[in-house]
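Peer 1: Before we start, here is the structure in question, set down as structure tokens.
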Amino acid sequence: MIITMSLTAAPREIEAVKTKIKELGYETRVSAGEKKTVVHVIGATDRDRIIKVIEPMAGVENLIPILSPFKLASREFHPTDTIVPVGVHTIGGRELAVIAGPCAVESEEMMLEIAGLVKEAGAKFLRGGVFKPRSSPYSFQGLGEKGLEIMARAREKTGLSLVTEVISEIDVPLVSQYVDILQIGARNMQNFALLRTVGRFQKPVLLKRGMSATMEEWLMAAEYVLAEGNPNVILCERGIRTFERYTRNTLDISAPPVIEHLSHLPLIIDPSHASGDWRYVNALARAGIAAGADGLIIEVHTHPAQALSDGKQSLKPEKFRELMDEIRRIAEAIGRKL
Ligand code: PEP
Ligand code: MN
């Protein structure tokens, strides 16, 4: 059960609702959003009684009994699509969002060159990892703060909005000063302390699906961020682990339509990590957009063979340009825009 307080609800009215719920024998959790405060009643079984007691109270706008385990992330709670504002851009509206760039920031020179090329092709967002969650501790781990400074210079030069992954709670304040979207990687999808921390900031969060996570577990992870008061969550389907080995992961093409049914949150597709092979990236990207995704995140590198990470799945800029032309045509066919 969720109780939405009205825009003008006073703090003492919110307190009164919490006290009353406690008297009825339930715990509460409060999410103070930018505009409205929401009081969650944990494990509400006697819905009729709660409605009867709480509905007439001052400051209460409405009560929504939500059956799914994720509440704030559910369509029931928020029937219209969420459009996440990112600087001058948005993710989740009619216009598709394309994020492109290298897996990792390697040097200023390469970052500025790639940023210029992806912008020219039509991307509005630049990706680049500075803290890399590598499977091996001996692989390149990223440039850290120096990488963030390089990204900020790329934004100054191109106007592209920045996306980078944050892998530790202690890095969240620093990374938030530099970038426009905080990425939570597949390996950290259930790092609940990290999810709570990014939930306390208002920065948009790009939440990747864990490699063995069900859609419900993924939406529950989004719920952690939303429950802390950050409504700006973008989901990212990046492939799940199956028995198939010719691709790095298996793109779950069911994700866009199923998530659209279950949740109001925008969803983008990562065909680079889903396939692990640049030869399959464009086909998966086209399929993702045709299936209803709100955008793409694509790894692009000028010299994939020399890349410090994920070169095998990185597109050369000309291949990325080709993809953008294809996506533009698909967008037109399905009533969207690139
Ligand atoms: C990445 O985006 O470079 C990355 C590590 O992705 P994922 O968390 O999906 O593996
Ligand atoms: Mn990568």
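Laboratory data are not the source of any read-out in this text; all were calculated from the coordinates shown. Bear in mind that the values here come from a model prediction, so they are computed numbers and not experimental data. Here the Cβ is made from the backbone with ideal geometry for all residues, glycine too, and neighbour counts use every protein chain on show.
Peer 1: Please label the shape of segment 236-338 as rounded, prolate or oblate, based on the square roots a ≥ b ≥ c of the eigenvalues of the alpha-carbon gyration tensor (a/c under 1.5 means rounded; beyond that, a/b larger than b/c means prolate, else oblate).
Peer 2: On the way: a/c = 2.24, a/b = 1.27, b/c = 1.76.
In terms of gyration-tensor shape, oblate.
Peer 1: I need the peptides 18-27, 226-235 ranked by packing, meaning the mean over residues of other C-beta atoms within 10 angstrom, with the highest value on top.
Peer 2: 226-235, 18-27
Peer 1: Compute the FRET efficiency between residue 57 and residue 217 as 1/(1 + (r/R0)^6), taking r as their Cβ-Cβ distance and R0 = 45 Å, and round to the nearest 0.05. Write down the numbers at each step before the final one.
Peer 2: Details: r = 35 Å, r/R0 = 0.77.
Efficiency computed from Cβ-Cβ geometry: 0.85.
Peer 1: While we're here: What is the chain's relative contact order, in percent, from Cα pairs under 8 angstrom and six or more apart in sequence?
Peer 2: Numbers: 724 pairs, mean separation 55.3, N = 338.
Dividing the mean separation by the residue count of the chain yields 16 percent.
Peer 1: A further question follows. Using the structure shown, list the pairs from 22/71; 18/52; 119/157 with a Cα-Cα distance above 18 Å, or answer none.
Peer 2: Working: 22/71 20 Å; 18/52 15 Å; 119/157 11 Å.
Listed pairs above 18 Å: 22/71.
Peer 1: Run the dipole for segment 122-182 about the Cα centre, Lys and Arg Cβ at +1, Asp and Glu Cβ at -1, nothing else charged, and hand back the magnitude in debye, nearest 20. List each step's numbers first, then the result.
Peer 2: Working: 8 positive and 7 negative charges, 63 e Å.
Rounded to the nearest 20 debye, it is 300 debye.
Peer 1: For every other residue with a beta carbon closer than 14 angstrom to the beta carbon of residue 20, add +1 if it is Lys or Arg and -1 if Asp or Glu, then tell me the sum. Each step should come with its number before you reach the end.
Peer 2: On the way: positive: 12, 18, 22, 49, 52; negative: 13, 15, 23, 27, 46, 55.
Its environment carries a net charge of -1.
Peer 1: Residue separation times 0.36 nm, minus the C-alpha to C-alpha distance between residue 174 and residue 241: what's the value?
Peer 2: Numbers: separation 67, 0.36 × 67 = 24.12 nm, distance 3.21 nm.
Gain in length upon complete extension: 20.9 nm.
Peer 1: Multiply the residue gap between residue 283 and residue 94 by 0.36 nm, knock off their C-alpha separation, and tell me the result in nm, one decimal place. Don't jump to the answer; show the numbers that get you there.
Peer 2: Values: separation 189, 0.36 × 189 = 68.04 nm, distance 2.17 nm.
Extending this stretch completely gives an extra 65.9 nm.
Peer 1: Moving on. Quick one: what are the phi-derived ³J(HN,Hα) couplings along segment 102-107, Karplus 6.51/-1.76/1.60 with θ = phi - 60°, whole Hz, x for glycine and proline?
Peer 2: Calculated HN-Hα couplings, in order: x, 4, 10, 6, 10, 7 Hz.
Peer 1: Sticking with this structure for a sec: Just to confirm a number: summing +1 for Lys and Arg and -1 for Asp and Glu over residues other than residue 4 whose beta-carbon lies under 10 angstrom from that of residue 4, what do you get?
Peer 2: On the way: positive: 36; negative: 61.
So the environment of residue 4 carries a net charge of 0.
Peer 1: Note down the magnitude of the dipole of the chain about its Cα centre, charges +1 on Lys and Arg C-beta and -1 on Asp and Glu C-beta and zero elsewhere, to the nearest 20 debye. Kindly include the intermediate steps, with their values, before the conclusion.
Peer 2: Details: 42 positive and 42 negative charges, 25 e Å.
Value, rounded to 20: 120 debye.
Peer 1: List every residue whose amide H lies under 5 Å from the amide H of residue 300, counting only residues 5 or more places away in sequence or on a different chain, with H placed 1.01 Å from N in the peptide plane.
Peer 2: Distant-sequence amide H within range of residue 300: 101, 103, 315.
Peer 1: Among the aspartates and glutamates, which fall within straight-line cross-link reach of residue 316, defined as a Cα-Cα distance under 17 Å, with same-chain neighbours fewer than 8 residues apart omitted?
Peer 2: Excluding near neighbours in sequence, the set is 106, 109, 113, 120, 270, 277, 299, 325, 326.
Peer 1: When a/c reaches 1.5 or more, the comparison of a/b and b/c decides; with that in mind, is segment 84-333 rounded, prolate or oblate per its Cα gyration tensor?
Peer 2: Taking the square roots of the gyration eigenvalues as a ≥ b ≥ c, segment 84-333 is rounded.
Peer 1: Assuming R0 = 30 Å, what is the FRET efficiency of residue 134 and residue 19, from their Cβ-Cβ distance, to the nearest 0.05?
Peer 2: On the way: r = 49 Å, r/R0 = 1.65.
Once rounded, the FRET efficiency stands at 0.05.
Peer 1: Helix-only estimate, please: 222 nm mean residue ellipticity of the chain, summing -39500 (n - 2.57) across DSSP H runs of length 4 or more and dividing by its residues, to the nearest 500. Walk me through the intermediate numbers first.
Peer 2: On the way: 11 runs with 120 residues, N = 338.
The helix-only estimate for the chain comes to -10500 deg cm²/dmol at 222 nm.
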